[in-house]
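Everything below concerns the one structure shown next.
What follows draws every value from the coordinates through simple rules; no lab data is involved. Just so it is clear, the structure is predicted and the values come from calculations on it, not from any experiment. Because the Cβ atoms are built from the backbone with ideal geometry, glycine has one as well, and the counts that use them run over all protein chains shown.
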Amino acid sequence: LAQDTRLLRVHAPEMAANVVPGQFFMVRDPSGNDPLIGRAFAVYDCGGPNEGWLDIVYLVKGKLTTRLAKKQIGDAIALWGPLGNGFTTTPVQQLVMVAGGIGQTPFLSLAREALGLKRFGNSARSSGYAKKVHFCYGARSKAYLTGVADFEAMGVGVSIATDDGSVGPPRLVTDALTEFLDRSPPASTRIVCCGPEPMMRAVAEGFRAGGKPGLMLSHTFSAVSAEARALTESHGIAYSGGGLDHVLTALVCILRAQRNDGSSWRPDMPASSMAETGRPTTEREVLDHLAAHGVGVIPARIVSSADEAAEVADAFDAPVVLKILSPDIPHKTEVGGVALGLKGADQVRAAHDAIRARVATARPDAKVAGIIVSPMRAGGVELFIGTMRDPQWGPAIAVGLGGIFVEALKDTSLDLLPISEAQALAMLGRLKGKALLDGFRGATPVDRAALARTIVAVGEAALALGPGLVSLEVNPLLAEGSRIEALDGLAVWEDAHADA
């Protein structure tokens, strides 16, 4: 297509039918092991549902692209995808695409879709969402410019910048962008860019110079790199990953928090909640801390011998649970540190000694503070409440179905701390499994107001522990009628988190 620039057309009908602009594929040459790991390539264009082809444009530079350049018709390559979320299709008056070097590859398909010339992906995805599309394209020289005629044939305006002045005066692509925006006021304008870090840095500086708040949005779910975060933070730009839905959710939470306290929201905890109240590390210490903030917790006793365990179990007059108590063992079941549904002194004594033996074998280095004895609970709905601290958005709280289901079903609702009872009720209303709270199949309905108060109390308990807290978890929280009890609790601290 241009100097050192090639197009690879691949027959992959299923992938071509599902890919959308902005997504990418991992590509590997199966005929060799160097490089062993696949490389990411953006989709350039693809055929219709009955054609089954997709195009990838690449610069011949490294080992993989050198091997790809030698491929012949009929050769096989390893390809997996499409990956990433793709560009948003929210309607806009003007779409401006900024590319440096080979960064122009995702923009041909985007321009086709934005102007309504082609549909990508499933039928639910819209097209024709931009009235005007402009392309600012920078390259080392005229020899490296790729696909300019394809853009112009669609009616896309093109501003070109070359380092050596082989097209127009020597300038950067950001100069071309500034010149275009000066001519075309940026009302209802979306700018998307793809290219090398210096270009991204210049765009970031333009955000700051423009005097308007900027947000860097990533359409992938991977964490932003330390370098990228440092770049955005140095220019006062917030970052959010995971696509447009995550960004809008975050912005809604910020607006809600502003309405709650009537002031500009900051991601830092309120100063009044920073006071050190000690660091609960064991399950019982965490539950005691929660109880001090109004959270109902299951009654329990800590014992140091099998006979004492049997005596406490007899006093509860019900089947009991035995659990190891150690600041070094946050996940007790993984070391055999839990025994359930124990009845009678003999079962309790045997379980006590067995737990001690299993823990001594699995974690001989662990400091054991005793064995927790508590009554066995049955029925009700198990829920999960957890708090966490996002490096940008600050303290947040999640609610979902508890026990093993929080991982299996991933049905959770998220909000920023602090929250009100009304917000907690709204979180419960967003759960897909909310019908379980209303007496599903004859079960006792959960008192949602009492549950909402518990959610608020867990959030307050987390805030009271200060900025060193990474997360505070209650899993499970048992809810039946108006009885809301925390059965287990876990606190993770910043220094321990770093050591891990």
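Which order do Met97, Met388, Met427 fall in if you start with the one that has the fewest other Cβ atoms within 10 Å? Walk me through the numbers on the way to the answer.
Values: Met97 27, Met388 19, Met427 22.
Taking fewest neighbouring Cβ atoms as first place, the list is Met388, Met427, Met97.
Arrange the following residues from fewest to most other Cβ atoms within 10 Å of their Cβ: Asp495, Asp29. Please list the in-between numbers first.
Numbers: Asp495 10, Asp29 22.
Fewest-to-most ranking of Asp495, Asp29: Asp495, Asp29.
Sort 118-131, 315-328 by packing, meaning the average of other beta carbons within 10 Å per residue, with the highest value first. Mind dumping the intermediate values first?
Numbers: 118-131: 14.9, 315-328: 18.6.
Descending packing order for the listed peptides: 315-328, 118-131.
Which links in Lys343/Lys367; Lys323/Lys367; Lys332/Lys410; Lys61/Lys142 stretch past 24 Å when you go from one Cα to the other?
In this structure, Lys343/Lys367 lie more than 24 Å apart at Cα.
Just add up the charged neighbours of Arg9: K/R +1, D/E -1, any other residue whose Cβ is under 13 Å from the Cβ of Arg9. Spell out each step's value before the answer.
Details: positive: Arg6, Lys71; negative: Asp45, Glu51, Asp55, Asp75.
Here the charged neighbours net out to -2.
How long, wide and thick is the range 381-499, going by the Cα atoms along their three principal axes, in whole angstroms, largest first?
Principal-axis extents of the range 381-499 (Cα, largest first): 47, 27, 22 Å.
Which values of log₁₀ I(q)/I(0), to two decimal places, follow from the Debye formula for the range 1-70 at q = 0.17 Å⁻¹ with a uniform point scatterer at every Cα?
Rounded to two decimals, the profile gives -0.64.
What's the local net charge at Gly439, with K and R +1, D and E -1, over the other residues with C-beta under 15 Å away? Write out the running numbers ahead of the final one.
On the way: positive: Lys434, Arg441, Arg448, Arg483; negative: Asp438, Asp447, Glu480.
It works out to a net charge of +1.
Please order Met199, Met26 by the number of other Cβ within 10 Å, starting at the fewest. Mind showing how you got there, number by number?
Details: Met199 21, Met26 15.
The fewest-first ordering by Cβ neighbours comes to Met26, Met199.
Taking the Cβ of Ala362 as the centre, find all other residues whose Cβ is under 12 Å away and add up their charges (Lys, Arg: +1; Asp, Glu: -1).
Local charge sum for Ala362: +1.
Could you work out the per residue convex hull volume over the alpha carbons of the range 299-375, in cubic angstrom? Don't jump to the answer; show the numbers that get you there.
Working: hull volume 5.5 nm³, N = 77.
Per-residue hull volume (Cα only) is 71 Å³.
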